[in-house]
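Trainee: Got a structure for you, written out below as structure tokens; questions coming shortly.
The values are calculated or read from the model by the stated rules, or taken from the named source; none is laboratory data. Computed from a predicted structure; not experimentally measured. Cβ: placed from backbone, ideal geometry, glycine included. Neighbour counts: every protein chain shown. The accessibility values were calculated without ligands, DNA or RNA, using every heavy atom of the protein model including side chains. Shrake-Rupley method; radii C 1.70, N 1.55, O 1.52, S 1.80 Å.
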Amino acid sequence: MGNMVKPFLQGRRLLETFLVLCLLIYVMDVPSAAKAAGKVNKHVWDVRYNYVSPDCYKKLAITINGLVPGPTIHAVEGETVVVQVTNSLVTENVAIHWHGIRQIGTPWSDGTESVTQCAIQPGDTFVYQFVVDKAGTYMYHAHYGMQLGDGIYGMIRVKAAHKEPFSYSSEHEILLSDWYHKNAYEHAIDLSSEPFVWVGEPNSVLIQGRAFACNEPGTEAGQCKEPNRKCSPFSLNVRPGRTIRLRIGSLTALSTLSFEIEDHEMTVVEADGNYVEPFKVKHLYLYSGETYSVLIKTSPKKDRSRNYWMVAKVVSRESSTPSGLAILNYNFNPPLALPPTDPPVGPHWNDTSDRIDQSVAVKAHHAYLNPPPKKSDRTIILLNTQNKIDGKVRWSLNNVSLNLPHTPYLIALKENLSYVLDHKMPPDSYDVENYDIHSVPKNTEAHPSTGGLYRLKFNSIVDVILQNANTMTPNVSETHPWHLHGHDFWVLGYGRGKFNMATDTASYNLGNPIMKNSVPLHPYGWTALRFRADNPGVWAFHCHIEFHFFLGMAVVFEEGIDQVGELPDSIMGCGETKPFVKP
């Protein structure tokens, strides 16, 4: 009997080995997206107050698990991400937006307070759940009041499940932000006061959550102080002779930034999760809400016995804020050894032409073209102006300034609570023929709107023309970075002066426009974008400067509300939704 059992067991082992090998071959052959589709990527976050000193100034900030920036989310396209957020703040609500994630089928997880959810109250826990359906570089940040500036932000890396059109040895993230010593409450009081008190320029520019005490670059040799343990510069370690992917994002409260690496050229390959026809830059302009991937080559021929500066400089504003400094650390050198040179001075702050040239240079990669529809079904022209309402300074679109309602749009529309919203629809255009964009507005008085929104026909093609103008200060037109929730859009073009419907549409790029979720509007210029209203829900479209959004520079789009699934109880609890919360 024993002699019969032995060959039987041996045969069974061979069969099991064969089946395991077959399974391994199958697993290796199945696309990564299919493997990721059923995977849940879970995170548990605690939002609380902590003292931080990123620029050697101690400030009470809002942290995620004690960190500023918060933890990076690493995912593979197709995965379901679950983030359990506990609000441990004593006096403030919280909402977190997943910037660039389209939230297809989960509009209630967009994280926009008063638009898609009631904010998370102190002591409460809220679970965000969504699918990262597209590879790329994304971010998250607070979307309640102006809390982004107090530290609630971080990055999301979504790894591709397919071969990308470029290769690299390693990848790293670099998150840029500006930093104020005042907190969001102090800013809110200043901006809401009469007479108006502007928040001023930020105190510091942070690179990966750190600043470095240094005077303005280019003044004298040896100007930089030795690193302080409490606020030492960020140091990125690299090896020579490699190609490095840097995922760079900007979540500034105010500033447009120029990012530069001393003696290293950057090749732009991705923008907002979409592949770019590669082009090279010495300095990369980033507007708040934008992400880029760039490739740098660490040449073995370079002087490897030293480190190099990384610089983030404020541009588009004449700012007194010192440039943010970090260190590109070549292997085998001390990580915090300061470079022997002065930091690069960077471009001039008001070189608008150079910034526009880079905006125009961002085109879709030839192997990943997704041409836009040739025509749109509706065109909305939004004139960006600075105004007043009852003596207080506001920002407006077509002379309408948005106040967010107490009952979130998504809930009000889905649950037939339309009586809580403003039924006066905002206008699709302004007095194009007579308005002078180069002068201070003749009539500065704007109209408030609480709950007014643009209702879009589902699956229709919508053009939005952003038109910049003069502020209430003579000869001043500011840069506005615009972000659309729930969508990517085609960037059709940029122009100077007033948009002309008859002639400027002929210059649209309909062949290889890049798709993005954030786009700059340059001073005294226009930006044209096109998107398909195919994501059921209610979506904010706003200037990504915290203070401009707070002062009303935003609109809201609704599309396919009847196709939105049953809303979870967890997004209720404010305004007219209080009765919907089960005890």
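Trainee: Karplus couplings for region 102-111 from phi (6.51 cos²θ - 1.76 cosθ + 1.60, θ = phi - 60°), rounded to Hz, Gly and Pro as x?
Mentor: 6, 6, 5, x, 9, x, 6, 9, 5, x
Trainee: Continuing with the same structure: In sequence order, what are the phi-derived ³J(HN,Hα) couplings for region 139-151 according to the Karplus relation 6.51 cos²θ - 1.76 cosθ + 1.60 with θ = phi - 60°, rounded to whole Hz, with x for glycine and proline?
Mentor: 9, 9, 6, 4, 10, 10, x, 10, 5, 3, x, 9, x
Trainee: Is there a pair in K424/K457; K388/K498; K42/K159 whose C-alpha atoms are over 21 Å apart, and which pairs would that be?
Mentor: Details: K424/K457 18 Å; K388/K498 23 Å; K42/K159 16 Å.
Those over the limit are K388/K498.
Trainee: Shifting gears a bit: What shape does region 378-571 have by the C-alpha gyration tensor, where a ≥ b ≥ c are the square roots of the eigenvalues, rounded means a/c under 1.5, and otherwise prolate means a/b greater than b/c and oblate the rest? Kindly include the intermediate steps, with their values, before the conclusion.
Mentor: Working: a/c = 2.03, a/b = 1.24, b/c = 1.64.
In terms of gyration-tensor shape, oblate.
Trainee: Apply the Karplus curve 6.51 cos²θ - 1.76 cosθ + 1.60, θ = phi - 60°, to the phi angles in region 318-333 and return the couplings in whole Hz, x for Gly and Pro.
Mentor: 7, 9, 8, 6, x, 5, x, 10, 9, 10, 8, 9, 6, 3, 6, 9
Trainee: Right, next: If you count the DSSP beta bridges with both ends in the chain, what percent of them are antiparallel, to the nearest 5? Can you show the working numbers first?
Mentor: Values: 100 of 138 bridges.
Antiparallel bridges: around 70 percent, rounded to the nearest 5.
Trainee: In addition: Select one label from (i) 24.9, 91; (ii) 25.2, 104; (iii) 26.7, 87: the one whose number is Rg and Dmax of the Cα atoms in Å as derived from the coordinates shown.
Mentor: (ii)
Trainee: Considering the options H548, P523, N509, tell which one lies farthest towards the positive end of the dipole of region 378-571, charges being +1 on Lys and Arg and -1 on Asp and Glu at the Cβ, about the Cα centre.
Mentor: P523
Trainee: Return the whole-Å distance between the Cα centroid of region 336-372 and the Cα centroid of region 271-328.
Mentor: That distance is 8 Å.
Trainee: Here's something else I'd like to know. Taking amide H atoms as placed 1.01 Å from N in the peptide plane, list the residues 5 or more away in sequence, or in a different chain, whose amide H sits under 5 Å from that of N403.
Mentor: S449, T450, G451
Trainee: Give me the number: length gained by fully extending R304 to S439, i.e. 0.36 nm times residue separation minus the C-alpha to C-alpha distance, one decimal in nm.
Mentor: Working: separation 135, 0.36 × 135 = 48.60 nm, distance 5.34 nm.
Using 0.36 nm per residue and subtracting the Cα-Cα distance, I get 43.3 nm.
Trainee: Find the relative contact order for the chain and round it to a whole percent, using C-alpha pairs within less than 8 Å whose residues are 6+ positions apart. Display every interim value, and only then the final one.
Mentor: Details: 1470 pairs, mean separation 77.8, N = 583.
Once divided by the residue count of the chain, the mean separation gives 13 percent.
Trainee: Continuing with the same structure: Once both labels are modelled 7 Å past Cα along the beta-carbon direction, what's the S460-F196 spacing in nm?
Mentor: 3.3
Trainee: Classify region 84-171: rounded, prolate or oblate, from the alpha-carbon gyration tensor (a ≥ b ≥ c, eigenvalue square roots; a/c under 1.5 rounded; otherwise prolate if a/b is larger than b/c)?
Mentor: prolate
Trainee: How much net charge surrounds G200 when only the other residues with a Cβ under 13 Å from the Cβ of G200 are counted, with Lys and Arg +1 and Asp and Glu -1?
Mentor: Details: positive: K182, R317; negative: D178, E186, D190, E201, E318.
Spelling it out: positives minus negatives among the neighbours equals -3.
Trainee: Let me ask something else about it. Roughly how many percent of the accessible protein surface of region 238-354 is carbon and sulfur, given a 1.4 Å probe and a whole-percent answer?
Mentor: Details: 1950 of 3990 Å².
Accessible surface attributable to carbon and sulfur in region 238-354 totals 49 percent.
Trainee: Between S320 and S167, with labels modelled 7 Å along Cα→Cβ, what's the label distance in nm to one decimal, could you check?
Mentor: Simple spin-label model gives 5.2 nm for this pair.
Trainee: Please report the carbon-and-sulfur percent of the accessible area for region 37-165; probe 1.4 Å, protein heavy atoms only, DNA, RNA and ligands left out. Let's see the in-between values first.
Mentor: Working: 2200 of 4360 Å².
The value for region 37-165 is 51 percent carbon and sulfur by accessible area.
Trainee: Long-range amide H contacts for R242: which residues qualify at under 5 Å (H placed 1.01 Å from N, peptide plane, sequence gap of 5 or more or a different chain)?
Mentor: For R242, whose amide H was placed from the backbone, the distant partners under 5 Å are T298.
Trainee: Taking the Cα centre of the chain as origin and charging only Cβ (+1 Lys, Arg; -1 Asp, Glu), how large is the dipole, in debye to the nearest 20? Each step should come with its number before you reach the end.
Mentor: Numbers: 52 positive and 58 negative charges, 398 e Å.
My answer is approximately 1920 debye.
Trainee: Using Cα pairs under 8 angstrom and six or more residues apart, how large is the relative contact order of region 378-571, in percent? Please report the intermediate quantities before stating the final value.
Mentor: On the way: 437 pairs, mean separation 53.0, N = 194.
Relative contact order, region 378-571: 27 percent.
Trainee: What residues qualify as long-range amide H neighbours of L521, i.e. H under 5 Å apart, gap of 5 or more or another chain, H built at 1.01 Å from N?
Mentor: H480, W482
Trainee: Residue farthest toward the positive end of the dipole of the chain, with Cβ of Lys/Arg at +1 and Asp/Glu at -1: which of N416, L148, M310?
Mentor: Sorting the options by dipole projection puts first M310.
Trainee: Here's a follow-up. Heavy-atom accessible area per residue, the chain, 1.4 Å probe: how many Å²?
Mentor: Values: 24450 Å² over 583 residues.
Each residue of the chain exposes 42 Å² on average to a 1.4 Å probe.
Trainee: Can you give me the relative contact order of region 259-304 as a percent, contacts being Cα pairs under 8 Å and 6 or more apart?
Mentor: Numbers: 63 pairs, mean separation 20.0, N = 46.
RCO, region 259-304: 43 percent.
Trainee: Can I ask one more? Counting helices only, and only those DSSP H runs with n ≥ 4, report the 222 nm mean residue ellipticity of the chain as the sum of -39,500 (n - 2.57) divided by its residues, in deg cm²/dmol to the nearest 500. Display every interim value, and only then the final one.
Mentor: Numbers: 6 runs with 63 residues, N = 583.
-3000 deg cm²/dmol, from helical runs alone.
Trainee: Which is farthest toward the positive dipole end of the chain among N350, N468, A95, measuring Cα position about the Cα centre, with Cβ charges +1 (Lys, Arg) and -1 (Asp, Glu)?
Mentor: Ranked along the dipole, the leading option is A95.
Trainee: Where the accessible area of region 366-509 is counted over protein heavy atoms with a 1.4 Å probe, how much of it, in %, is carbon and sulfur? List each step's numbers first, then the result.
Mentor: On the way: 3270 of 6580 Å².
The value for region 366-509 is 50 percent carbon and sulfur by accessible area.
Trainee: Please report how far the C-alpha centroid of region 514-561 lies from that of region 114-149, rounded to the nearest whole angstrom.
Mentor: Comparing the Cα centres of region 514-561 and region 114-149, I get a distance of 17 Å.
Trainee: Are there any helices in the chain, counted as whole DSSP H runs, that stretch 27 Å or more along their axis by Cα and score at least -1.0 on average by Kyte-Doolittle, and if so which?
Mentor: Helices meeting the span and hydropathy rule in the chain are 2-29.
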